Amino acid sequence: MPQYKVAIVGAGPAGYFAAMALQNLQTEELKFSIDMIERLPTPWGLVRSGVAPDHPKIKTVSKVFEKVANEPNFRLFANVELGSDLAIVQLKEKYDAVVIATGMALGKKLGIPGEDLLGSMSAATFVPWYNSHPDFKDENIDLSCDTAVVIGAGNVAMDVARILALEPSELDPTDTADHAIDAFKKSSVRAVVVSARRGPEHAAFTSPELRDLPKLEHTNVVINQADIEAAIARAGDTPEKDVKSNLDAMLLISEKEATHHERTMKFQFLATPTEIKGNGRVEEVVFQKTGSDETFSIKCGLVITAIGYEAASLEGIPYEKGKVVNSDGRVSESLYVVGWAKRGPSGVIGTNKSDAAEVMKLLVEDLGTPKNLGDITDVITHNRVVTQMHWQAINMAEVAAGEPLGKPRRKAVDREELLKLGRL
Ligand SMILES: Cc1cc2nc3c(=O)[nH]c(=O)nc-3n(C[C@H](O)[C@H](O)[C@H](O)COP(=O)(O)OP(=O)(O)OC[C@H]3O[C@@H](n4cnc5c(N)ncnc54)[C@H](O)[C@@H]3O)c2cc1C
């Protein structure tokens, strides 16, 4: 019976859904052994380091990942990085197929003057900082200003703005990094402006997230009713379902009676940022009113851009515009790509499931005779590999540490600390 070895690089949703698809494609005649390689000591990708901590339900998808990981044909090799610990050629030599599922971790740049001033950063830095990603634990995030501007019109922008505008004690029962909760409690930020280049009808927010906003108990959420009414008029009689649903949700917020809390989150549409100004650090953002010559500025001490992501290049893999070059997920002989690295930063977690399943079908179609030339254990030179067993120890320790505090888990933020919890 042919037994094929498949390496999946990246333990995020796309990697797990690819593994799941391979498990589902097995028959009496076709078997896979799956090795998943992850650069961090912890798996789950953005479900751990991206998804907002005040949305814990979304993270329950990790149960699906653990089910995949506990199948006998699956092995985890975390704390192993493609690029530094291993090269793609080594994987291609050892495996019948290699699946790249490394996502996208770099924030896109606006390309305007002042973007690199102190106090201006990407959501690709801010989000992993509050979510305990070990590479971002030492970021110096200065929250001593009263106004922050978040640039972008998608769910990441909304997450960032909401986390900044929340009453910080609301984060106590979440798995937000301790260092971030401390910083939010000391934060002077009281007004957060979410700025979108285009009108509300073009915003990439999703309506369930918008509908959640009025539930914030200690934050005024402000949307200008006239902006939404104008957008509804522009969208015409038959707007797309998602657009209608978004506009309905935004109209509801805009019609709500004003609340008077200390903290405010406000949406500013049709605002194209042209410059970030400041003497050594951010002092204001200059905007052009989109579609006109009119300019205006917002005084602020913090700017966070959430305008998309791109992938860092890995040697031996072709990239174009921050994505892996591919045709329906095929990259080159026996090399495939799934998830954000394939499609770019769009869709919800579930989008990666159907996408990975399609690519794995192609992978199976392409299979030749099995290679049987050894595996990753022949090439890894360090002895601090986090296997599924070590990860389970980390996972249990984090959950146990969170329990007395009423948190789903208390994440360790330091690589060494994580490895120690894994008994490595
Ligand atoms: C801030 C934020 C919030 C989000 N919130 C939601 C939400 O609420 N609901 C929702 O449905 N979707 C949400 N998403 C989208 C969702 O997270 C993505 O669709 C999904 O994570 C993409 O999966 P992926 O596996 O392609 O990438 P990732 O989740 O990024 O996983 C990639 C993995 O590859 C690893 N890796 C990278 N390079 C290497 C290497 N060289 N060697 C080994 N491993 C490597 C990374 O460490 C990571 O674990 C959010 C995204 C962001 C950025």
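Picking from residues in the stretch 21-39 that are buried (at least 22 other Cβ atoms within 10 Å of the Cβ) and not β-branched (Val, Ile, Thr), the one that is nearest to the ligand (Cβ to nearest atom) is Glu38.
Look at the stretch 370-385: where a residue is modelled with pLDDT of 85 or more and a partner is acidic (Asp, Glu), sitting 6+ places away or on another chain with Cβ atoms under 6 Å, you get Pro370/Asp96; Lys371/Asp96; Ile376/Asp35.
Could you list, in sequence order, all residues of the stretch 349-367 that are within 13 Å of the ligand (Cβ to nearest atom), of a type outside the set (S, T, N, Q) and either within 18 Å of Leu82 (Cα to Cα) or surrounded by 13 or more Cβ atoms within 10 Å (Cβ to Cβ) (or both)? It would help to see each step written out before you state the result.
As a first pass, look at the stretch 349-367 and keep what is within 13 Å of the ligand (Cβ to nearest atom): 349-356, 359.
Then keep just the ones that are of a type outside the set (S, T, N, Q); that gives 349-350, 353, 355-356, 359.
Within the stretch 349-367, Ile349, Lys353, Asp355, Ala356, Val359 qualify.
Mind checking whether some residue in the stretch 293-306 is of a type outside the set (A, V, I, L, M, F, W, C) and on the phi > 0 side of the Ramachandran plot? No - not one qualifying residue is present in the stretch 293-306. Going through (1) in a loop (DSSP other than H, G, I, E, B); (2) surrounded by fewer than 16 Cβ atoms within 10 Å (Cβ to Cβ) one by one, Pro214 falls short only on (1).
When the stretch 167-189 is examined, which residues are found to be over 20 Å from the mean Cα position of the chain (by Cα) and either under 20 Å from Ala153 (Cα atoms) or polar (S, T, N, Q) (or both)?
The initial filter retains those residues of the stretch 167-189 that are over 20 Å from the mean Cα position of the chain (by Cα), namely 167-170, 172-173, 182-189.
Within the stretch 167-189, Ser169, Ser187, Ser188 qualify.
Of all residue pairs spaced 6 or more apart or on separate chains, those with beta-carbon atoms under 6 Å, a first member in the stretch 1-20 that is among the aromatic types (Phe, Trp, Tyr) and a second member that is crowded, with 24+ Cβ neighbours inside 10 Å and not in a strand (DSSP E or B) are Phe17/Asn352; Phe17/Ala356.
Filtered by the rule that a residue be under 24 Å from Leu270 (Cβ atoms), within 16 Å of the ligand (Cβ to nearest atom) and part of a helix (DSSP H, G or I), the stretch 166-210 gives Ser207, Glu209, Leu210. Val61 meets the stated requirement of being near the ligand (Cβ under 10 Å from one of its atoms) and touching a residue at least 12 places away in the same chain (Cβ under 8 Å).
Residue-level check: of (1) touching a residue at least 60 places away in the same chain (Cβ under 8 Å); (2) acidic (Asp, Glu); (3) farther than 24 Å from Ile307 by Cα, Glu275 misses just (3).
Tell me whether the stretch 80-99 contains one or more residues that are under 29 Å from Gly406 (Cβ atoms), out of contact with any strand residue (DSSP E or B) (no Cβ under 8 Å at 6 or more places or on another chain), assigned by TED's automatic domain parsing to the domain that holds Gly316 and outside any loop (DSSP other than H, G, I, E, B).
Here is the first cut: in the stretch 80-99, the residues under 29 Å from Gly406 (Cβ atoms) are none.
No, the stretch 80-99 contains no residue that is under 29 Å from Gly406 (Cβ atoms), out of contact with any strand residue (DSSP E or B) (no Cβ under 8 Å at 6 or more places or on another chain), assigned by TED's automatic domain parsing to the domain that holds Gly316 and outside any loop (DSSP other than H, G, I, E, B).
Can you confirm whether Glu71 is assigned to a loop (DSSP other than H, G, I, E, B), more than 10 Å from the ligand (Cβ to nearest atom), modelled with pLDDT of 95 or more and under 22 Å from the mean Cα position of the chain (by Cα)? No, not satisfied.
Restricting the search to strands (runs of 3 or more DSSP E) fully inside the stretch 274-320 and requiring at least 1 residues that are within 16 Å of the ligand (Cβ to nearest atom), at pLDDT 95 or above and not polar (S, T, N, Q) gives 302-305. Yes or no: Gly103 free of Cβ contacts under 8 Å to residues at least 12 places away in the same chain, part of a loop (DSSP other than H, G, I, E, B) and within 30 Å of Thr272 (Cβ to Cβ)? No. Checking the structure you have, find out if any residue of the stretch 333-354 is part of a helix (DSSP H, G or I) and farther than 30 Å from Val150 by Cβ. Yes, because at least one residue in the stretch 333-354 is part of a helix (DSSP H, G or I) and farther than 30 Å from Val150 by Cβ. Within the stretch 224-240, the presence of at least one residue that is at pLDDT below 95, among the hydroxyl-bearing types (Ser, Thr, Tyr) and assigned by TED's automatic domain parsing to the domain that holds Ile276 is confirmed.
Yes/no matrix, rows are residues, columns are (1) crowded, with 18+ Cβ neighbours inside 10 Å; (2) among the charged types (D, E, K, R):
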{"residue": "Asn70", "(1), (2)": "no, no"}
{"residue": "Leu76", "(1), (2)": "yes, no"}
{"residue": "Glu81", "(1), (2)": "no, yes"}
{"residue": "Met121", "(1), (2)": "yes, no"}
{"residue": "Asp135", "(1), (2)": "no, yes"}
{"residue": "Val150", "(1), (2)": "yes, no"}
{"residue": "Asp172", "(1), (2)": "no, yes"}
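The values are calculated or read from the model by the stated rules, or taken from the named source; none is laboratory data. For clarity, every value in this text was computed on a predicted model and none was experimentally measured. Ideal geometry is used to build each Cβ from the backbone, glycine not excepted, and the neighbour counts take in all protein chains shown.
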